Every structure is written in structure tokens, then in C-alpha cells.
Amino acid sequence: MSGTPPLLAARALTKHYGTVEALRGASFEARAGEVVALVGDNGAGKSALVKCLSGVETPDAGEIVFDGAPVRFTSPTDARAMGIETVYQDLAVAPDLDPAANLFLGRELRKPGLLGRLGVLDKAEMRRRATREFARLGVRLPSVDVPIGALSGGQRQSVAVARSVVWASRVVFMDEPTAALGVVQRQRVLDVIRRVRDEGIAVVLISHNMPEVLAVADRVEVLRLGQRVARFQAADTTVEQLVGAMTGALTQEDAA
Amino acid sequence: MTTAKQSVVDTPEEGDDPSRPAAWQRLRSANTLWIGLVLLALCVVFGALRPEAFLTLFTAQTLLIEASVLLVLAVGMTFVIITAGIDLSVGSVLVFAGVVGAKTMEALSPGGDATDAGWGVIAAGLVVSLLGGGAWGLVNGLLIARARIPALIVTLGSFGAALGAAQLITDGVDVRTVPSALANTLGSGTSLGVVPNLVLLAVAVTVLGDLVLRTTRFGRHTYAIGSNAEAARRAGIAVTRHLVLVYLLVGLLAGLAGFMSLAYFRTTTISGHSTDNLNAIAAVVLGGTSLFGGLGSVLGTVIGVFIPAVLTKGFVILHVQAFWQPIAVSVVLVAAVWFDQVRRRARNRS
């Protein structure tokens, strides 16, 4: 696995928020067709790193390499244009819109011809494709006609995950995608993650749940105090090793 | 590009087309059905009590004409409130637009008397009214969306400033020379024998507003921003630009309403629009549009415009003191907002 070049890589990123140094030369790699977990204690710099890699923020120094070439994202739209999507922890959905409208939010399909040029939506087509995508990803909804706010928390989360996954063609970041989910829903999201990985997309999973990380991830990278401190193959790693790396009890010399 | 993306974009197999949501379902969910039944009940009650006075062509015509200007304002207000915004300035912008339109027509007429002005002058007046309204809308939108000043404060400011500007231009004296050609056609003319032209224009604006809101991407983004502006921003919607456009739209409609008012009253009625903003907001909210954004419809707003109008007419016909009308409207308004709150709380608990 380490033979393939990384699809998306961060090299020695630094990022300050006022006097706080969130990233101090952090590096990170994600390869196509693998689930890589990004773990670390609170304040280790996971969010800052993901924000830099998904275009929400620009790093102060360091380099982001995508598909072998250095890139600069000035907005999330830049990153999205390259097939990089993010599932946010705080469920960025529009609760008053139905699941299909949320899936196509910002990417609405328009009718062919003159009506489309006037901005008229092709609602039937969006509903049809949304229904199919939800089925493909195993998202089960009681109805695709109700506002998302009327769905359960787990169903809402599933729609948020599905929205990013459907549009991600290269990389998808998932920030705590299973937080606040029941056992069955959690399992379903993990299945989605594996399915997306098998389609050749790089999945970056941010999670505090170590057993879950080891269950679904292929590799794990550990951040501590704004730097990468360890890298593991998930198959031969224990929760104790991860926690040791996160707390500073264990460091790998070559990881940074 | 790769499989995940393509499976959304290429043509799907058949058999997975779910039935469309029934129209009545959507109506029920937005309180529109209930408020529509209230309007129907009012008409039935007044019609049953005094059929010879209430159910007449003349009553219908005056009811519709008197509601036309407010309806145009309220259609714009519907867009603003769906984005979780507010516009308190519409009445003053209406006055300002009427004043600059009327002053333009006077300036283009010999001797400063526009009474006998032709259609070229009238067209110039219309354009200037629209520009005047649009300018205030643009200023509101930029201050709200770009400078991030709360809409309540920005439009409270332009509420005062637009009226002040109108009074400065006119020295506080209403412009009284309005082209007869305009007043006799748009103001008091009818088409097809019975339909007032003013009403036709208001209906056209309303139908267009409804189509834009329900069927276009502009409308979809309006709902999305009101529902969760952060989600809309992350989804790549240009939220700032869209909000500026929405306030520009309501300004343009206020400008059109100012021109309509000019045609109907044959004067600028500077002091007559101080509560237009509240009437428009009340109509929108009565119609089931949520002050918290993300939910609402133009159809609901139409109903919301006519409930106060029908109450006024009915009370006059029944010789009930007209002062009861605002009280009755207020009760319905507060009840409508209360229903919206209860509905939201019930939904968010799940």
C-alpha cells in the first residue's frame, strides 16, 4: 500500500489562529482506494488540517500536493471542483428542504432547453436520481418528500454523508460521521465508507472512537500538538498503541 | 470522472420513479391550507349575512384594487422573509419611487404640469420609479449581506431615510400632476370589461413571483439560505450575492408599487404609507411564511393579503366599527406565528 503515491498530501503545514499555533509542520497523506483515519486528542490540529485540505482555510506555510502537483485552494469550491468533498460534524443540511433538494443543494439540475436557461429546476429528475443514490448507498428514508428536519438524527446524518459521498470523485473527508448515531445507523455509515473506498476514492475519517477506527480504516495517522507523531497499518495496531501515540507516550521518529 | 459521480449524472433505469408529492400535502405543511380556510370562512360569513352588499361585482373590484399595491409589496417581502430577513423600508421606498417618478414626468412636461403627458414621458417615469426603488433595495442588500448589519436595523434606517429623501425632493408637498393617460388606464381602467388593470398587473407580478420561488434555482437557493445559510454557503451557493439580489428584487417591486400607487391615487400620497411595511409583513406571515426562514409561499401571501382586506370590507358592510379590523387581524397573526412555533418545536424534538 505504501508503494502507491499519495493522492492528497500535506507537507509541513503551519497554521496560526491569533497566538494559537494549530499546525506546526503537520504532514498527512491519503491514497486512492483507502480509508485513512486521522486521530488525535482535542486540540491536536485535526480540524485545522482538514480545513486546510478541503479549502476552508489557507495554511500559513507548507505545501498541499494533489495528484502529484502542488495546489492552492482558496475556497471549498476550489476543492470541490477537484472532487474533494467534506462531511461536516454539525450536519450542514437545510432542514426545511427535502432529502433530494439537500442532495443537489448548490448543484441543482435544470430542465433542458429554454426553461432550464431561465433557471427552472428539473425536480422530477433530481428526485429520481436522489432516490436511486440513497438506495445505492443503503440510506433508508421513510419518505423523500418530507423536510429533512422531520427525519431522525440518524437519517439526517445519512443524508449529509450521502450528499458528500455522491459528489466526491477523489477524496472525501468525514468529520465524526457516526457521532450521535445509533448502533444500526452507525453500521450503515461504516458500510457506506467501505463502499466508497472500494470505488477507488480516498476516505479520510476523523473519529474519536478508536475501535471504530481500527474496524474501518486501512491506515491511521496520529496528530499531536499540530504535528504528525505516528503512522500505523490498522490491521496490526491496537487501541493502546493509538492512545499511546495520541498522548505522547509513544512516538515514531520518522513520522513527522 | 469516476463511478460515484457518473452514476448521478448518467441516465437511470426506469421503475424507480416515486410519485410526486400531492399538492395538498405541501399546502397543509405550510399552514397555507388552514389560513386559506379562514379566508374562505370569512367570505362565506360576510356573504351569508349581507349577500346583496358583499357578493357584488363592485365589492370584488374595489377589494382587489385596494389590495393590488400591497400584494406587489408582499410578494417581494415573501422572498425576503423566506431568507430569514426583513424589510421595514418598503412603504418609504414606495413613496420615494413614486416621488422621483412623478417629479421626472413633471420635469419632462411643458410648464412642469404632467397631466397631459404622453406615453413616452410615462415610460420614463416608470423607469425612474423602478430605478429609485431598486437603488434603495441595492443599498439595503449590500449593507445587510456584505457589511453584515442586521436587516432590521438597515431597513429601519432606510425606512426613515427614503421617506426623508422623498420629502426633501418635494418639500413635503405631494406631487399632484399625474398624467391622465396613466391614471385612466393603469389607475382606473379595466380590461375584458370587468377586470381592473391595476389588478391584472398585480396578478402578473404575483404569478411570476410564485413561479420564480417554486420552480427556479433562484427560488430554491432562497429557501436554502433561509433554512441554513451556513449549509448553503458550504454547498457552494453564493449567499452574499443572492441576498443582495433578493433585497434588490423587493426594492424593484416597491418601485413598481410606487408607480401603481401614483396611477391609482393620481398623487404621491407621501404620508399614506407609514404602515405598509407592517401590513406586508403581516400578510406574509399570515400566509404561513416563517419569520425564521426556509418556509413559505406566494400563494400563502395572497391569502394573507386578503384576510385583512376582506375583514375591512366585511366590517364596513356590516356596520361594525372599523377599529375592530386591526384587532381581529392581530389575533389571527399572533395565532399564525404561534402555530408555526409549535410546529417547529414538534419537528426539532424528533
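The values are calculated or read from the model by the stated rules, or taken from the named source; none is laboratory data. Because the structure is a prediction, the values reported are computed rather than measured. Positions of Cβ are backbone-derived with ideal geometry, glycine not excepted, and every protein chain shown enters the neighbour counts. Heads up: the accessible areas ignore ligands, DNA and RNA and are worked out on the full protein's heavy atoms, side chains in. Shrake-Rupley method; radii C 1.70, N 1.55, O 1.52, S 1.80 Å.
When A:94, A:32 are checked against the criterion of being part of a loop (DSSP other than H, G, I, E, B), at the interface with another protein chain (Cβ under 10 Å from one of its Cβ atoms) and closer than 28 Å to residue A:4 by Cβ, a single residue qualifies: A:32. Residue check: residue B:150 meets all listed conditions (1) under 16 Å from residue B:259 (Cβ atoms); (2) open to solvent by 60 Å² or more (accessible area, probe 1.4 Å) but one, namely (1). The set of residues from the range A:18-42 being farther than 16 Å from residue A:205 by Cβ and in contact (Cβ under 8 Å) with a residue 12 or more places away in the chain comprises A:21, A:22, A:23, A:24, A:25, A:26, A:27, A:41. In the range A:19-26, the count of residues that are open to solvent by less than 70 Å² (accessible area, probe 1.4 Å), hydroxyl-bearing (Ser, Thr, Tyr) and assigned to a loop (DSSP other than H, G, I, E, B) is zero. Among the residues making up the range B:199-208, those that are away from every other protein chain (no Cβ under 14 Å) and of a type outside the set (Ser, Thr, Tyr) are B:199, B:200, B:201, B:202, B:203, B:204, B:205, B:207. Of the listed requirements (1) buried (at least 21 other Cβ atoms within 10 Å of the Cβ); (2) without any contact (Cβ under 8 Å) to a residue 40 or more places away in the chain; (3) more than 14 Å from every other protein chain (Cβ to nearest Cβ), residue B:168 misses just one: (1). All of (1) away from every other protein chain (no Cβ under 11 Å); (2) open to solvent by 40 Å² or more (accessible area, probe 1.4 Å); (3) modelled with pLDDT of 95 or more hold for residue B:218 with one exception: (1).
Residues in the range A:99-135 that are facing chain B (nearest Cβ under 9 Å) and in contact (Cβ under 8 Å) with a residue 40 or more places away in the chain: 4 in all.
Keeping to the range B:73-108, report how many residues are under 16 Å from residue B:275 (Cβ atoms) and open to solvent by less than 10 Å² (accessible area, probe 1.4 Å).
Just the residues of the range B:73-108 that are under 16 Å from residue B:275 (Cβ atoms), to begin with: B:73-74, B:77, B:86-95.
Pick out the ones that are also open to solvent by less than 10 Å² (accessible area, probe 1.4 Å) and you get B:73-74, B:77, B:87, B:89-95.
Final tally of qualifying residues: 11.
Looking only at the range A:55-81, residues that are within 24 Å of residue A:189 (Cα to Cα) and in contact (Cβ under 8 Å) with a residue 40 or more places away in the chain come to 1 in all.
Restricting the range B:230-241 to residues that are assigned to a helix (DSSP H, G or I) and facing another protein chain (nearest Cβ under 9 Å), which is surrounded by the fewest Cβ atoms within 10 Å (Cβ to Cβ)? In this case the residue turns out to be B:230.
Specify the residue that is nearest to the other protein chains (Cβ to nearest Cβ); the eligible residues are those in the range A:142-159 that are of a type outside the set (Gly, Ala, Ser) and open to solvent by 40 Å² or more (accessible area, probe 1.4 Å).
Looking only at the range A:142-159, we keep the residues that are of a type outside the set (Gly, Ala, Ser), and these are A:142, A:144-148, A:151, A:155-157, A:159.
Among the residues that remain, those that are also open to solvent by 40 Å² or more (accessible area, probe 1.4 Å) are: A:142, A:145-147, A:156.
On the way: A:142: 11, A:145: 4, A:146: 8, A:147: 8, A:156: 10 Å.
Top of the filtered list is A:145.
Does residue A:116 meet the test of being in a loop (DSSP other than H, G, I, E, B), closer than 14 Å to residue B:216 by Cα and of a type in the set (Gly, Ala, Ser)?
Working: in a loop (DSSP other than H, G, I, E, B): no; closer than 14 Å to residue B:216 by Cα: yes; of a type in the set (Gly, Ala, Ser): yes.
Answer is no for this residue.
Can you tell me which residue in the range A:168-199 is surrounded by the fewest Cβ atoms within 10 Å (Cβ to Cβ), limited to those that are among the β-branched types (Val, Ile, Thr) and in a strand (DSSP E or B)? Ranking the candidates gives A:171 first.
Quick one: would you say residue A:162 is touching a helix residue (DSSP H, G or I) at 6+ places or on another chain (Cβ under 8 Å), open to solvent by less than 10 Å² (accessible area, probe 1.4 Å), more than 10 Å from every other protein chain (Cβ to nearest Cβ) and modelled with pLDDT under 90? Yes.
Is there a residue being assigned to a helix (DSSP H, G or I), open to solvent by 10 Å² or more (accessible area, probe 1.4 Å), modelled with pLDDT under 95 and small (Gly, Ala, Ser) anywhere in the range B:11-21? Checked the range B:11-21: no residue is assigned to a helix (DSSP H, G or I), open to solvent by 10 Å² or more (accessible area, probe 1.4 Å), modelled with pLDDT under 95 and small (Gly, Ala, Ser).
Residues of the range A:55-74 include none that is within 16 Å of residue A:165 (Cβ to Cβ), open to solvent by less than 60 Å² (accessible area, probe 1.4 Å) and touching a helix residue (DSSP H, G or I) at 6+ places or on another chain (Cβ under 7 Å).
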